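K.L.:
First the structure, then my questions, so here it is.
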Protein chains: 2
Amino acid sequence: MTTVYLAMICGVIAVLYGIFTSAQVLRQPAGDARMQDIAAAIQEGAKAYLGRQYTTIAIVGVVVAGVLALTLGLISTVGFVIGAVLSGVAGYVGMNISVRANVRTAEAARTSLQGGLTTAFRSGAVTGMLVAGLGLLSIASFFWYLTGPSGLAPNDRVIVEALTALAFGASLISIFARLGGGIFTKAADVGADLVGKVEAGIPEDDPRNPAVIADNVGDNVGDCAGMAADLFETYVVTLGVTMISIALLIQADAAELMRLMSLPLIVGGVCIVTSIIGTYMVRLGGGSIMGALYKGFFTATILSIPAIYVASVYVLGDLNATIGGAGFLDAGTGALATDVVAAAPAEGAASFTGMDLFWCMMVGLVVTGLLVWITEYYTGTNHRPVRSIAKASETGHGTNVIQGLAISLEATALPTLVIVVAVIASYQLAGIIGIAFAATAMLAQAGMVVALDAYGPVTDNAGGIAEMAGLPDEVRERTDALDAVGNTTKAVTKGYAIGSAGLAALVLFGAYTTDLRTYFPDLTVDFSLSNPYVIVGLLLGALLPYLFGAFGMTAVGRAAGAVVEEVRGQFRDNPGIMLGTSRPDYGRTVDLVTRAAIKEMIVPSLLPVASPIALYFIITAVAGQASGFAALGAMLLGVIVSGLFVALSMTSGGGAWDNAKKYIEDGNHGGKGSEAHKAAVTGDTVGDPYKDTAGPAVNPMIKITNIVALLLLAALAGGV
Amino acid sequence: MTTVYLAMICGVIAVLYGIFTSAQVLRQPAGDARMQDIAAAIQEGAKAYLGRQYTTIAIVGVVVAGVLALTLGLISTVGFVIGAVLSGVAGYVGMNISVRANVRTAEAARTSLQGGLTTAFRSGAVTGMLVAGLGLLSIASFFWYLTGPSGLAPNDRVIVEALTALAFGASLISIFARLGGGIFTKAADVGADLVGKVEAGIPEDDPRNPAVIADNVGDNVGDCAGMAADLFETYVVTLGVTMISIALLIQADAAELMRLMSLPLIVGGVCIVTSIIGTYMVRLGGGSIMGALYKGFFTATILSIPAIYVASVYVLGDLNATIGGAGFLDAGTGALATDVVAAAPAEGAASFTGMDLFWCMMVGLVVTGLLVWITEYYTGTNHRPVRSIAKASETGHGTNVIQGLAISLEATALPTLVIVVAVIASYQLAGIIGIAFAATAMLAQAGMVVALDAYGPVTDNAGGIAEMAGLPDEVRERTDALDAVGNTTKAVTKGYAIGSAGLAALVLFGAYTTDLRTYFPDLTVDFSLSNPYVIVGLLLGALLPYLFGAFGMTAVGRAAGAVVEEVRGQFRDNPGIMLGTSRPDYGRTVDLVTRAAIKEMIVPSLLPVASPIALYFIITAVAGQASGFAALGAMLLGVIVSGLFVALSMTSGGGAWDNAKKYIEDGNHGGKGSEAHKAAVTGDTVGDPYKDTAGPAVNPMIKITNIVALLLLAALAGGV
């Protein structure tokens, strides 16, 4: 139990870091009256949007909580509420610091690049540490309460279900936040660009554009709040499912289980500390901006190695002792030692040592590093992919988009190979549990990764404020330089989140099959690929990301069209706007995008909740319960097998398109205003909903499908 | 054996129909000297390209044949050569009639729409009937030779391997033809458009454009010859795998097996006859062009119902008698009755009656009809999807592409649901064999479906010739009207081919697992989804269509860029071209595209050949042979689970983009020359490699991966 306390202390440290660093950021000068005026409009819009978004989500949340209370009982409902509320808090707080840091970053960039970088990055670090800290605190405290005051055994079904419900709460809120925020930000962005840059011929962030505030609000509610909720979800689900898998798969006494289950918590804890140290290493020191951010990231990652080692020794004692060997599963083959369910699939929890677990976590760290490197290769302006898109822009809009699509397809290859090698390596070391620990080590870096990401929208906003407030050109140049790097770091987070989902999928599936065996011991479910219901499940699972992507893209297109109409109307009704004599009605556009985003987010977000339930009941009606469970299980893997590629291609491709435009704007292939630049703007517009709406929302979608299946099993078995 | 003779007679009828109808087409007037001049240039280019393409493929073919001769023996090598040669012949003959019909269609369209339609459709029907006829003849004669003169039992391993090798020959040639032709046609098309329409501001098919002949050659070598080779492959693989599955899964005496294995052949045979009748029903009769084509298609399909029924009664006698019930597999659960390989997956060959098989084939016909209907909905100008893209073009290039991508993602949903329902229904009726017969009935319609498709490039060419030869405007209007329908029929064939692959995948996987059990009876291979090597295989299989698509898109982009450079050079060096005083060097452009297409097709075509072999050996080295086979099997399903979506989204999306442009050209949203039209041209350009290069080539790719795995198994077991 001491370990759990220590983890909770690390969570508290993260929150304290957040409070302390927020205060640091807020103490900085907030610029002149004009700048503060603009920032206030952005703050107001962002708060208004998030307020309405969370009110809408709350209605769904209350309904779902009611269903859970009736089917799974009170403790699970409490877990769900904790996950849901803290996911919302992570997003809200992130937005809150972001909308205050933007104007301060613009002000700091007046003096120096370093000043802008420091302010923006600190603000990102606040969000990052709160995501990791609140995630760790929620899961550690809940686990502490259940095993401590409630006196439950660590592998009690109540704990398994409660942790699942906690993850469900986080996931459900995050899919709404990711998608709603994603639709908001890209509808405003695309709409503003189309009517401003293309039709009216005014620059980006020109204050005469009535959609310009909505565009800046979008950065905060989508790229910041939505992303924070998403990563909070990924954190909670990954740590949670690692603990659940230990509880389900390892046969050991309560003390040993307790030790093992608290290992993911303390790993998360020590990595918060290393991430905090890393944040202080982000300094230009003569190098590039990306180099400065990498200094922080690699410091945190490299310090994690000894930290994880020490934590493992502390928790497990002798790292060379064997874990789980005498237990439930046969060590040699990973096949079930019991013959109760001969037809049920074998779970891969072979026996392993603590040292094996340590190496699995090292695999996770290597995967994190490689995914960062691959993403930078595909989205950075210094490498072949982005340059090939920029080159293709010379021959027009069509070839720009063709090359961008080619890159987006290609960008799936290396991450998939990395994930495949990681699955094999960690499975060879410690079975399913090994894969779970690799994913845990990846997510333990979340504080730092989110910090890098959340820095992006702040600099984007700072550039907008500099433009609107008429600050000198060199300020805008500095914020632009910061922002270009932000495009890459934003892509990194998405690749990282979906990559960890690839690892976690097998673990979630393992939890599903084990649960199935526990709840329905007499049922023989055939998960073999030669069972046609498995194929049916795989195909329908694979369909979900496509359908979800279609919804997301259509929603952005439709909402952006509405923005165009609205802005055209304002220009028509009030000719003073273009002359600069009267101020456009920013609030009306914000309000329009708010309503559109909230309306459009509902149906696609419910798709992954309803699909597994519908599939189970339909197949069970047609071919019996065993086929229903087989199809449902296969759907869980179908959604990851297809979702991984959809998400990777969309997020990398979108980032590459964006930076190809930036590369041309830097004076290549004719520079700003050339035909190549126009083609690159088209590519960037196409990439916007790809990378910021449809692509990233696939990550929580995958988790929800999996978690709903786990909860459905528990509910069918009659709850606890 | 009489049944096999009857099937062979039907095959001969198809070939005779082809000869007779070719003569009919060739008797028609071939236009004036200018038109014949242009047509001769297209013929020359097409023949030169196909000659070089098949020479290159022949080198690969000889190497592969040598490997097969060393590993699998002479008979399999002969099968491979038959499949390879006839696939080439189908493509070559199709191109040959197509390049003669184009100018005659243009000439006939001078008089009436009906005249143009008749000539173009007859030419398409020649290709269609030759694809089906040669496919049927090859497989029926080979089967006759092996079971008759060679005296082998119908389920002898030699026959199974020989039919597999035949399918491999067809598939290997067709992936080169599909991809090489696809790169040729779209590189020429995109290049010609970019430099002609966009840069020089001259209309499509303007004779001053040096790439214009290459563009028209492309229609014949890609959309006609490549498509024909692809559908030949699909036909041979589907019928072949149905026969192989019967041989592997049904335990019965030789006479009964012989009857059952000849059923797919005779079904193919009678449907050739109904397709021929259908071709005579294609008449305008006051209705639309699509309506006229549908009359032919639906006549053929509806006549197939009684034809298949009579064929089934003829072959099986009493349709209510039970087949395979007392055999190898337990009828009730589909689980293996033998306990030799308890961990091996159950094969779904339950017992069934002849009537069940008949109903499975009806499922196949319904799937064909539904896929045609769905494709028309997504790519026709009368429905929401195409109109939404046209509407989105009003706000620019970016929104056009966003909406097109949204539609392409969405377009995967209904076909997937249809395939899933068909899998469930036919499996419930007759297990894996039922699914195989559903696919067979689908492919039995290939003659008619290919006829509809091959009609498209002829009208496209006819329009080009009309433009270049300066025929009156109303001729071009007629050919344009014919061509717009061709866009939809082309999309239909692709959806149909990939849909049948979806059904056939499970059958191919069944053949793989059964082969595995036969060759390696002592090896326990775990195909359960909880085996991490299954996940590894699924992920890597799912990666293949993405990587393949990336290669295809990049190849088109690169080759199109080379065309742009070449044409710019010609304009620069010879200013007389634009003035119309001197003739561009068409041959040089054709030659350039030829070299580019052949160079670019090699590596991606070898990807599906090399990947399964590499995966097997790497995983076997890391984790043993059982894991190697598990990963390989999962790769087979991964490639279909992902490939189905990649192919459906690309082909439907591309068709929708193309017709959105046509819809605007018909005078909507501002018509030709408007900003919306420019945006729609961009979408069309993006859709080109999507729908004609990368998307359709996924179909043979899936088959090759599967067949290579089957051959690898046989080779590892030491051949026959």
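The values are calculated or read from the model by the stated rules, or taken from the named source; none is laboratory data. Bear in mind that the values here come from a model prediction, so they are computed numbers and not experimental data. Positions of Cβ are backbone-derived with ideal geometry, glycine not excepted, and every protein chain shown enters the neighbour counts.
K.L.:
May I ask you to list the residues in the stretch B:620-638 that are under 28 Å from residue A:543 (Cβ atoms) and within 11 Å of chain A (Cβ to nearest Cβ)?
P.N.:
B:630, B:631, B:633, B:634, B:635, B:636, B:637, B:638
K.L.:
Taking the conditions exactly as written (away from every other protein chain (no Cβ under 14 Å), more than 30 Å from residue B:5 (Cβ to Cβ), assigned to a helix (DSSP H, G or I) and of a type in the set (Lys, Arg)), does residue B:208 satisfy them or not?
P.N.:
So residue B:208 does not fit the description; no.
For (1) touching a residue at least 60 places away in the same chain (Cβ under 8 Å); (2) hydrophobic (A, V, I, L, M, F, W, C); (3) under 29 Å from residue B:592 (Cβ atoms); (4) crowded, with 18+ Cβ neighbours inside 10 Å, each residue gets a yes or a no:
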position: B:20; (1), (2), (3), (4): no, yes, no, no
position: B:23; (1), (2), (3), (4): no, yes, no, no
position: B:29; (1), (2), (3), (4): yes, no, no, no
position: B:33; (1), (2), (3), (4): no, yes, yes, no
position: B:36; (1), (2), (3), (4): yes, no, yes, no
position: B:39; (1), (2), (3), (4): yes, yes, yes, yes
position: B:42; (1), (2), (3), (4): yes, yes, yes, yes
position: B:51; (1), (2), (3), (4): no, no, yes, no
position: B:58; (1), (2), (3), (4): no, yes, yes, no
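K.L.:
For the stretch A:1-119, which helices (runs of 4 or more DSSP H) that fit wholly inside it have 3 or more residues that are farther than 30 Å from residue A:312 by Cα and either more than 27 Å from the chain's Cα centre (by Cα) or acidic (Asp, Glu) (or both)?
P.N.:
Ranges flagged: A:33-72, A:74-111.
K.L.:
Continuing with the same structure: Give me the residue from the stretch B:643-669 that is out of contact with any Phe, Trp or Tyr (no Cβ under 7 Å at 6 or more places or on another chain) and of a type in the set (Phe, Trp, Tyr) and, out of that set, nearest to residue B:548 (Cα to Cα).
P.N.:
So, considering only residues that are out of contact with any Phe, Trp or Tyr (no Cβ under 7 Å at 6 or more places or on another chain) and of a type in the set (Phe, Trp, Tyr), the one nearest to residue B:548 (Cα to Cα) is B:657.
K.L.:
Where residues in the stretch A:379-415 are at the interface with chain B (Cβ under 7 Å from one of its Cβ atoms) and of a type in the set (Gly, Ala, Ser), which of them is farthest from the chain's Cα centre (by Cα)?
P.N.:
At the first step, the residues of the stretch A:379-415 found to be at the interface with chain B (Cβ under 7 Å from one of its Cβ atoms) are A:392, A:395-399, A:401-403, A:405-406, A:409-410, A:412-413.
Checking the rest, the ones that are also of a type in the set (Gly, Ala, Ser) come to A:392, A:396, A:398, A:406, A:413.
Numbers: A:392: 31, A:396: 34, A:398: 31, A:406: 25, A:413: 20 Å.
Once the filter is applied, the top-ranked residue is A:396.
K.L.:
Still on this structure: Assess whether residue A:265 counts as being touching a residue at least 24 places away in the same chain (Cβ under 8 Å), more than 22 Å from residue B:399 (Cβ to Cβ) and surrounded by fewer than 24 Cβ atoms within 10 Å (Cβ to Cβ).
P.N.:
no
Conditions (1) of a type in the set (Gly, Ala, Ser); (2) more than 7 Å from chain A (Cβ to nearest Cβ); (3) touching a helix residue (DSSP H, G or I) at 6+ places or on another chain (Cβ under 9 Å), marked per residue:
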residue	(1), (2), (3)
B:492	no, yes, yes
B:504	yes, yes, yes
B:512	no, yes, yes
B:535	no, no, yes
B:546	no, no, yes
B:562	yes, yes, yes
B:583	no, yes, yes
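K.L.:
Would you mind finding the one in B:590, B:603, B:646 that is in a helix (DSSP H, G or I), buried (at least 19 other Cβ atoms within 10 Å of the Cβ) and either within 24 Å of the chain's Cα centre (by Cα) or among the basic types (Lys, Arg) (or both)?
P.N.:
B:646
K.L.:
Further question on the same structure: Among the residues of the stretch B:463-478, is there at least one that is more than 12 Å from chain A (Cβ to nearest Cβ), touching a helix residue (DSSP H, G or I) at 6+ places or on another chain (Cβ under 6 Å) and free of Cβ contacts under 8 Å to residues at least 24 places away in the same chain?
P.N.:
Yes, there is a match, as at least one residue in the stretch B:463-478 is more than 12 Å from chain A (Cβ to nearest Cβ), touching a helix residue (DSSP H, G or I) at 6+ places or on another chain (Cβ under 6 Å) and free of Cβ contacts under 8 Å to residues at least 24 places away in the same chain.
K.L.:
Given the criteria among the small types (Gly, Ala, Ser), farther than 30 Å from residue A:527 by Cα and crowded, with 24+ Cβ neighbours inside 10 Å, does residue A:679 qualify?
P.N.:
So residue A:679 passes the test.
K.L.:
Go through the stretch B:516-525 residue by residue and tally those that are out of contact with any Phe, Trp or Tyr (no Cβ under 8 Å at 6 or more places or on another chain) and either at the interface with chain A (Cβ under 10 Å from one of its Cβ atoms) or buried (at least 23 other Cβ atoms within 10 Å of the Cβ) (or both).
P.N.:
Here is the first cut: in the stretch B:516-525, the residues out of contact with any Phe, Trp or Tyr (no Cβ under 8 Å at 6 or more places or on another chain) are B:517-519, B:521-522, B:524.
Okay, now just the ones that are also either at the interface with chain A (Cβ under 10 Å from one of its Cβ atoms) or buried (at least 23 other Cβ atoms within 10 Å of the Cβ) (or both), so B:524.
Within the stretch B:516-525, residues that are out of contact with any Phe, Trp or Tyr (no Cβ under 8 Å at 6 or more places or on another chain) and either at the interface with chain A (Cβ under 10 Å from one of its Cβ atoms) or buried (at least 23 other Cβ atoms within 10 Å of the Cβ) (or both) number 1.
K.L.:
Answer with yes or no whether residue A:556 is within 20 Å of residue A:650 (Cα to Cα) and either within 14 Å of chain B (Cβ to nearest Cβ) or surrounded by fewer than 24 Cβ atoms within 10 Å (Cβ to Cβ) (or both). Walk me through how you get there before you give the answer.
P.N.:
On the way: within 20 Å of residue A:650 (Cα to Cα): yes; either within 14 Å of chain B (Cβ to nearest Cβ) or surrounded by fewer than 24 Cβ atoms within 10 Å (Cβ to Cβ) (or both): yes.
Yes, satisfied.
K.L.:
Among the residues that make up the stretch A:235-255, is at least one of them among the charged types (D, E, K, R) and in a helix (DSSP H, G or I)?
P.N.:
Among the residues of the stretch A:235-255, not one is among the charged types (D, E, K, R) and in a helix (DSSP H, G or I), which makes the answer no.
K.L.:
When you scan the stretch B:256-296, how many residues do you find that are among the charged types (D, E, K, R) and assigned to a loop (DSSP other than H, G, I, E, B)?
P.N.:
Number satisfying all stated conditions: 1.
K.L.:
I would also like to ask the following. If the requirement is being among the aliphatic types (A, V, I, L, M), at pLDDT below 90, assigned to a helix (DSSP H, G or I) and out of contact with any Gly (no Cβ under 7 Å at 6 or more places or on another chain), which of these qualifies: B:491, B:505?
P.N.:
B:505
Every residue, every condition in (1) at pLDDT 95 or above; (2) within 18 Å of the chain's Cα centre (by Cα); (3) at positive phi; (4) crowded, with 24+ Cβ neighbours inside 10 Å, yes or no:
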residue	(1), (2), (3), (4)
B:423	no, no, no, yes
B:426	no, no, no, yes
B:431	no, no, yes, yes
B:434	no, no, no, yes
B:440	yes, yes, no, yes
B:455	no, yes, no, yes
B:462	no, no, no, yes
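K.L.:
Got at least one residue in the stretch A:672-694 being closer than 16 Å to residue A:611 by Cβ and outside any loop (DSSP other than H, G, I, E, B)?
P.N.:
Within the stretch A:672-694 (the criterion being closer than 16 Å to residue A:611 by Cβ and outside any loop (DSSP other than H, G, I, E, B)), the answer is no, since none of the residues qualifies.
K.L.:
Conditions first: (1) aliphatic (A, V, I, L, M); (2) within 19 Å of residue A:609 (Cα to Cα); (3) surrounded by fewer than 21 Cβ atoms within 10 Å (Cβ to Cβ). Residue A:74 passes all but one, so which condition is the exception?
P.N.:
Every listed condition holds for residue A:74 apart from (2).
K.L.:
While we're here: Hey, can you tell me all the residues within the stretch B:373-402 that are in contact with a Pro (Cβ under 9 Å, 6 or more places away or on another chain) and either basic (Lys, Arg) or without any contact (Cβ under 8 Å) to a residue 60 or more places away in the chain (or both)?
P.N.:
B:377, B:402 - these are the residues of the stretch B:373-402 that are in contact with a Pro (Cβ under 9 Å, 6 or more places away or on another chain) and either basic (Lys, Arg) or without any contact (Cβ under 8 Å) to a residue 60 or more places away in the chain (or both).
K.L.:
Just to verify a result, which residue in the stretch A:151-199, among those that are among the acidic types (Asp, Glu) and in a helix (DSSP H, G or I), is surrounded by the most Cβ atoms within 10 Å (Cβ to Cβ)?
P.N.:
Per the stated criteria, the residue is A:189.
K.L.:
Please pick out the residue among A:501, A:550 that is among the aliphatic types (A, V, I, L, M) and surrounded by 24 or more Cβ atoms within 10 Å (Cβ to Cβ).
P.N.:
A:501
K.L.:
I'd like the full set of residues that are of a type in the set (Val, Ile, Thr) and within 12 Å of chain B (Cβ to nearest Cβ), limited to the stretch A:657-696.
P.N.:
Within the stretch A:657-696, A:681, A:682, A:685, A:686, A:693 qualify.
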